[in-house]
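Everything on this sheet refers to the single structure shown next.
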Amino acid sequence: MKNVILSASVVVALFFVSCSSDDDNKSIDHTVVPPASYKFERGGESTISFEGQTTRLLMGAELKSALLDFDNATEASLLAMYGHEAGNNDFSVPELNASNKNLRSKTAASNDYFASNASESALIKSTLEGFISSQVNEVFPNNMVVAAPGVAGQIADGSKTRYVNGNGLEYNQAFAKSLLGALMADQMLNNYLSPAVLDEGSNRENNDNGITEENKNYTSMEHKWDEAYGYLYGNSQDIANPNLTIGEDDVFLNEYVGNVSKDPDFSYLATDIFDAFKLGRAAIVAKNYEVRDAQAAIIRANVSKVIAVRGIFYLQVGKNKIVSGNREGAFHALSEAYGFVYSLRFTRDSQTNTPLFTRSEVDALLNQLMGAENGYWGITPETLDAVSEAIAQKFDFTVAQAASI
């Protein structure tokens, strides 16, 4: 199914409305004016808050680096970073150690996809923990061994030394890109932007009446929207205008929204996503929930597209290296592709509010990637093209467009 979305500027024109209440006969203005930046205040003080998201972005970045710390990391220390408990010295930063946040609890934990599917949530958490354990148990002991088909070890891919398992897969890349989908995208698209979360309990009534959370300057609905924002811009240098440095502020969604937007075929993505976040937040302030939900749909469609485009891009980079005779040089890109393909499970069809790819579809694509003897050591260019085409068919772009940057 192709996604058909409207830009924020078009959508807002459709929803400039002014309503009147039949009960008190007072005119209520629900007009939503596109703001210049992501800056919202109440009583002269900012109402924006996403501390938990910034914390998890920092935790994820440190864990990603630690997966290659052969001298100091252990399976126990890495798993402790993933499932951090407040007060434990799992990180290099005191503020992260003191935090009661962790990565594991928010992995595959969205309201819409996993609230009633605990078994699949547990399976996904187990998969990510498996990447961590396998990195220590398979790759760490062989970090000074030259990798070969069926043998974990190191390879020189022309730019730096990489560390792969016996199938040519870099577990650290598979983990990081899978976490991008299973945590950052899932929490943004399928949790905080969900009407079930935004309107939970008395959230809409409280937002309508300007009732803020206890000892806070924001309503619950405003905060939920900001938490979605935080998973993309939570580590940005200027949170009011984060596109000034998009692609530079973290190694998860921010990096890849920035990278994909450099492609002329997708140059609109970063602007459209930011405009939708701004307008949706303004709509919450204006109590216009039609505009809010229209912006959530734009964000879902475009962030889902980023995951798909980047997956295809890396599949094609790997294919081209194999075609040119540099098979080992393809493994890094193919390892990133593996994680992006895994993350397709957490994308969102804005028209049906279901995943664009089912679990069985994603598993089938991953099985194709690892289906040859010794995985990437035996994969063919034809298989990489077939997986790329299967992904692109769900979207309104071609494999050539995704691979062109």
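The values are calculated or read from the model by the stated rules, or taken from the named source; none is laboratory data. Note that the structure is predicted; figures quoted are calculated from it, not measured. All Cβ positions, glycine included, derive from the backbone under ideal geometry; neighbour counts span all protein chains shown. Please note that ligands, DNA and RNA were not included when accessible areas were found on the heavy atoms of the full protein model with its side chains. Shrake-Rupley method; radii C 1.70, N 1.55, O 1.52, S 1.80 Å.
Residue by residue through the stretch 319-330, what is 3J(HN,Hα) from phi via Karplus (6.51 cos²θ - 1.76 cosθ + 1.60, θ = phi - 60°)? Round to whole Hz and write x for glycine and proline.
With coefficients 6.51, -1.76 and 1.60, one gets 4, 5, 5, 5, 4, 7, x, 10, 4, 4, x, 7 Hz.
Per residue, how much accessible area does the chain show when a 1.4 Å probe rolls over the protein heavy atoms, in square angstrom?
I get 40 Å² per residue for this part.
Whole-Hz Karplus ³J(HN,Hα) for the stretch 384-395, in order, using 6.51 cos²θ - 1.76 cosθ + 1.60 and θ = phi - 60°, x for Gly and Pro?
With coefficients 6.51, -1.76 and 1.60, one gets 5, 5, 5, 5, 4, 5, 4, 6, 4, 4, 7, 10 Hz.
Within the chain, which is the longest segment that contains none of the trypsin sites (Lys or Arg not before Pro) sitting in a DSSP loop with at most 14 other Cβ atoms within 10 Å?
263-405
With θ set to phi - 60° and the Karplus curve 6.51 cos²θ - 1.76 cosθ + 1.60, what are the ³J(HN,Hα) couplings of the stretch 305-311 in order, to the nearest whole Hz, using x for Gly and Pro?
Residue by residue, the stretch 305-311 yields 5, 4, 4, 5, 4, 5, x Hz.
Specify the angular offset, from 0 to 90 degrees and rounded to the nearest 10, of the alpha carbon long axis of helix 269-286 from the longest principal axis of the alpha carbons in the chain.
30
Could you identify which residue out of Asp349, Asp29, Asp112 has the top mean-square fluctuation in a GNM of the chain using Cα springs shorter than 10 Å?
Among Asp349, Asp29, Asp112, the largest mean-square fluctuation in the Gaussian network model of the chain belongs to Asp29.
Any chance you could look up the accessible area of Ser159 with a 1.4 Å probe, heavy atoms only, rounded to 10 Å²?
90
I'd like the Kirkwood hydrodynamic radius of the stretch 66-190, using the inverse of the mean 1/r over distinct C-alpha pairs, in Å.
Mean inverse Cα-Cα distance, inverted, gives 15.7 Å.
Where does the chain land at 222 nm, in deg cm²/dmol rounded to the nearest 500, when only DSSP H runs of n ≥ 4 count, each adding -39500 (n - 2.57), divided by all residues?
-15000 deg cm²/dmol, from helical runs alone.
With a cut-off of 8 Å between alpha carbons and a minimum separation of six or more residues, what is the relative contact order of the chain in percent?
19
Output needed for the stretch 93-150: three equivalent-ellipsoid semi-axes, defined as square roots of 5 times the C-alpha gyration tensor eigenvalues, in descending order, whole Å.
Largest first, the stretch 93-150 gives 30, 20, 7 Å.
For the stretch 155-248, take the convex hull of the Cα atoms, compute a quarter of its surface area, and give me that in nm², please.
9.3
Roll a 1.4 Å probe over the protein heavy atoms and report the accessible area of Asp272 in Å², nearest 10.
Looks like 30 Å² after rounding.
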